[in-house]
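What follows is a short report on a single structure.
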Amino acid sequence: MTWFVRTGSGEAVRVIVDGAPLEARAGESVATALLAAGHRSFARNPASGAPNGTYCLIGQCFGCLCTIDGRPQSQACLTPVAEGMVVETGEQVGTGDD
Amino acid sequence: MTEPVDLAVIGAGPAGLAAATTAAAHGLTVLLLDEQAEPGGQVWRQAERILGADSSGLGKVAASYGGAREAVAALRQSALDYRPGATVFDVSPDLRLSWLQREADGGGTRHAIREGAAKALILATGAMERPLPFPGWTLPGVMGVGALQTALKVGGLRPGSEGLVLAGQGPLLLLYLAQIAALGGRAAAILDLAPPGRMTAAFPGLPQAFFGDPRTMIRGFGLLLRRALSGARIYRGVTRLAALGDESLEHLSFESGGRRHELPCSLLGVHDGVIPSTQVSRLLGLEHRWHDERQCFEPLCDPDGRSSDAWVWIAGDGGGVEGADLATLRGTLAALKAAEHLGRLPTAESEKAAAPLRARRARQQRARAFLDRLYAPVPLENHLTDDTPICRCEGVTTAAVRQAVDQGAGGPNRVKTFTRCGMGPCQGRFCGPSLVRLIAAETGQPPDETGALRIRPPLKPILLGDYLEAEPEL
Amino acid sequence: MPLSSAKHIECEIAVVGGGLVGSALAYGLAKAGAEVLLLDAGDDSFHASAGNFGLVWVQGKGLGLADYAALTRRSADLWSGFAQSLVEESGIDPGHRQTGGVKLALDEAELERYATAVRRMHNQAAPGDNDTRVLDRQAVLDLVPAAGPEVVGGTYCPHDGFADPLATLSALRRALLRSPRVRTESGLVTEVRADPGGGFRISTGDRDVQAGRVVLAAGLGNAKLAPQLGLQAPLRPERGQILVSERLPAFLDLACHTIRQTGEGTVMLGDSHEDVGFDRGTSQDVARAIARRAVRTFPRLAQARLVRQWGALRVLAPDGFPIYQESERCPGAFLVTCHSGVTLAAVHAREVAAAILAGSLSDRYPAFSAARFDEAVA
């Protein structure tokens, strides 16, 4: 069972997501690369602790934040993938003391 | 401070491309700032790649890219200063712009604050999907239909074998359905959130709409027909929609035809039309008016797009949603008038070029009026519960907003101070529109009196460390 | 609008201004048994309360006016009890914590300036003790381990702390809402005058209020209203810009003068002092200066996102101190204005409200009479 499938074709670009290599497509955003790989949420909401939903993909909802090339809280939907790019998903800072 | 350019344009979608290239063609120095890496905005997302794609694959999406080839070619031939990857985070009243510039730096990416000034400004910041809060809408797996369409254009992603359910109404939903069908995808079910009786209400406007813009209307009915033939199960008059799941969407619950339904679902596309992005126009303190039928604020503009600030124009959907065709026209119109205002184009010449554009726009607006009525926004109360978060960032619920109103918060800014609604990173983009509707309903005030969230810099968060860099230069 | 069509309201005592000062006074007046009407301007008024940094700050306050130093100190000490009452009555925690406060210096010259100010405060004959002390770098690190390598020292006062201004206002509003003796109406007061037959008439355009007594607590709005009642409020706005970060893991317990981490984890950074009239705008130059200083002080902030920047207007008398006064021409009309609405909230609710009700405001606070400005001229 797949969540999303790829159609069409494109040049391959390799990025590193949470330490593992991932093949993305040139020109796409980090967000679509993650969605294609089955990542349903890229981080947790600092206020509620619940997983963030990636809602809009056009830079308005801030649900796709993750660390990209060391820059925290980057909008994955606005960042094009690049060869060798390092992406870190997972717990967001600020969930509290626990 | 560097010399100001004649014109800054924010946004490189249909309106921004037309505005920037038209202005440059009239000899203005133009700075075009766009957040995306490639020109085209949302409707022509990845225009150059899609138009160049194989017609058996993503090239099938290119049917909705009418005008994109010419617009992007004009940009590439123009001498204007085009800056992709530029996130504008502040615009001062004297039109100094601050943006975060993303640029490739060896193997990585670097970000730097840049500043520039302009004599005139055209905002072509486009539109966003109208937020439609309902229980569970923050769960991963619930996305805007526009987002699904963006995933298709940007990454070639279409829903896989887990299945897709679409909920909502409007042309974009129908278009997306047709686009994935062409690529072998489908929706298992469509939940029509329009209350019954909308077609009857809109029907008297149909002849005028056909007369005004036959192409759009024929395209629209074609899409409706394809929905009927898509094989998706259609539930009509859906209310009490809820998305359920633990860490992500697992199933849906809703009412239709007088009974409750449950559907397994891991991917839900939601759509209730689009509304102008008004962050920059609000930041600049421009006047806005509530559009009752479209249930949103729109910047107050004259027929050429000139705002309440004589040096600022708004072109395209950011000045009121009228679609991509008219966005190009509105961009051209605004650029002509800006050139005239800067003394670079004689009034007679600008008027001669502007008059037929205004006439065509007025004609095509008749179809828009029909669509506004047919797809009038879904009433919030159809799906809201007390514990539905209005604010996705801070998790502020309907009940918390109502309580703040009961405590005497008569407008969104007071509700914000009482509840933190709108204080998160999205700066109220996702709660603001619902917040105004909710407060107006609670207080009985017209939204023009309720007002909107005050927008403050930075329009998008930047890192405090970004300020450590050397003094920014253009 | 003619008064005849306006909604007519009668009350024992009207408080003009629904910010922190007005709300705290209304709260105190009602607790003391008065029937109160609180008049609050709309959603978009200047609201120093909503733009506030949230310090309950004692150190350095009152240099040149010992009574102000003492008032500030009393309020800081009353705050815990005030906060507890608010929690009980409203269910909202105003987020008060008397953590002690530090002011951090980034070079020796700056530290010397701070130390001089502390010495001058010690030399000032003040009722109550002054226990602000100078810290060297190691002492700072003991209190604030996150301080960066550029921090050379600072000053510390154990009475300093902070409260969440929005939560405080929200708690006050809810407590007022639940009090049977308080009624709140919204509307910007445009006119206030003494009735020949006694009492006061207050107009908001669509409301016509008849009040036995009136308290002006309208912040900068007092400047226009006070003369209508024979009072003087020579106030000017001073803009302060504040930057706020995303929520961060807790790293800063103490109030830090221009840097404060809130209960939610966001970090507030301030503050500028700008003479720009009624302009609440923001500027990138100030943002850059504030951000740079914050990152030099706490290097970890370089990676923190700036979420919002705003400008708010301080309410300043010519000497920066409060004005508390009853009108001589119109007895029963009171003026309460200050720029430290958070710090002084506790003393306003407890002490100042009681003095108003007893009709002894001017006697209780002779040092805060606006007459001091006449004397300065004479």
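Over the C-alpha atoms of chain A, the Rg to Rh ratio, Rh being the Kirkwood estimate, stands at 0.97.
Only helical runs count toward this figure. For the protein assembly as shown, summing -39,500 (n - 2.57) over DSSP H runs of n ≥ 4 and dividing by all residues gives -8500 deg cm²/dmol at 222 nm. What you get for chain C, charging only the Cβ of Lys and Arg (+1) and of Asp and Glu (-1), is a dipole of about 380 debye around the Cα centre. For chain C, hydrophobic long helices are taken as DSSP H runs at least 15 Å long by C-alpha position along their axis with mean Kyte-Doolittle hydropathy of 0.5 or more; these are C:20-31, C:165-178. For the pair C:E10 and B:R186, label points projected 7 Å from Cα toward Cβ lie 7.6 nm apart. Size descriptor for the range B:393-449, Kirkwood hydrodynamic radius: 11.0 Å (Cα pairs only, one decimal). Listed by Cβ neighbour count within 10 Å, with the fewest neighbours leading, C:T266, C:T184, B:T200 appear as B:T200, C:T184, C:T266. Taking every residue in A:37-46 and counting other chain Cβ atoms within 10 Å of its Cβ, the average works out to 4.
Relative contact order, whole percent, for chain C stands at 24, derived from Cα pairs under 8 Å and 6 or more residues apart. Measuring spread by the Cα atoms of chain C yields a radius of gyration and Dmax of 21.0, 69 Å. Computed from the Cβ-Cβ distance with R0 of 22 Å, the FRET efficiency linking A:T2 to B:F221 stands at 0.10. Over all distinct Cα pairs, what is the inverse of the mean 1/r for the range B:288-350, reported as the Kirkwood hydrodynamic radius in Å? Averaging 1/r across every pair of different Cα atoms and inverting gives 12.2 Å. Overall, the ratio between the Cα radius of gyration of the protein assembly as shown and 2.2 N^0.38 Å, rounded to two decimals, is 0.99. Lysine pair count for chain B (Cα-Cα distance under 21 Å; residues 8 or more apart in sequence or on different chains): 4. Rg and Dmax of chain B, based on Cα coordinates, read 22.2, 66 Å. Based on Cα contacts under 8 Å between residues 6+ apart, chain B shows a relative contact order of 19 percent. The order of C:L20, C:L235, going from fewest to most other C-beta atoms within 10 Å of their C-beta, is C:L235, C:L20. The separation of the range C:185-250 from the range B:167-196, counted between C-alpha centres, amounts to 55 Å. Between the beta carbons of B:A355 and B:T2, assuming R0 = 51 Å, the FRET efficiency works out to 0.90 to the nearest 0.05.
Each residue, C:R300 and A:V86, gets one label point 7 Å from its Cα in the Cβ direction; the gap between the two is 2.1 nm.
Between B:D406 and B:Q101, the C-beta separation translates, for a Förster distance of 56 Å, into a calculated FRET efficiency of about 0.75. Pairs of Lys residues in chain C that lie 8 or more places apart, or on two chains, and have C-alpha atoms under 28 angstrom apart add up to 4. Legend note: in chain B, cysteines whose Cβ sits 4.7 Å or more from every other cysteine Cβ are B:C265, B:C296, B:C301, B:C393, B:C426. Estimated translational diffusion coefficient (Stokes-Einstein, Kirkwood radius over Cα pairs, 20 °C, 1.002 mPa s) of the range C:38-193: 119 µm² per second.
For the range B:249-321, the list of chymotrypsin sites (Phe, Trp or Tyr not before Pro) that fall in a loop by DSSP and count at most 14 other C-beta atoms within 10 angstrom is empty. Between the range A:1-77 and the range B:424-474, the C-alpha centres lie 25 angstrom from each other.
Modelled this way, with points 7 Å down the Cα-to-C-beta line, the labels at C:R120 and C:D374 are 2.9 nm from one another. If you wrap the range B:131-272 in the convex hull of its Cα atoms and look at it from every side, the mean projected area works out to 9.1 nm². Loop-located GluC sites (Glu not before Pro) in the range A:1-83 (DSSP state other than H, G, I, E, B) with a sparse environment of at most 13 neighbouring Cβ atoms within 10 Å: A:E11, A:E83.
Look at the alpha carbon pairs under 8 Å that are at least 6 residues apart: their mean separation over the length of the range B:131-272 gives a relative contact order of 39 percent. With N the number of residues in the range B:238-280, Rg(Cα) / (2.2 N^0.38 Å) evaluates to 1.53. Counting other Cβ atoms within 10 Å as a rough exposure proxy, the listed residues C:L248, C:L243 run C:L248, C:L243 from fewest neighbours to most.
Coordinate-derived values only; no laboratory data. No experiment lies behind these values; they were computed from the predicted model shown. Glycine gets a Cβ as well: all are built from the backbone with ideal geometry, and neighbour counts include every protein chain shown.
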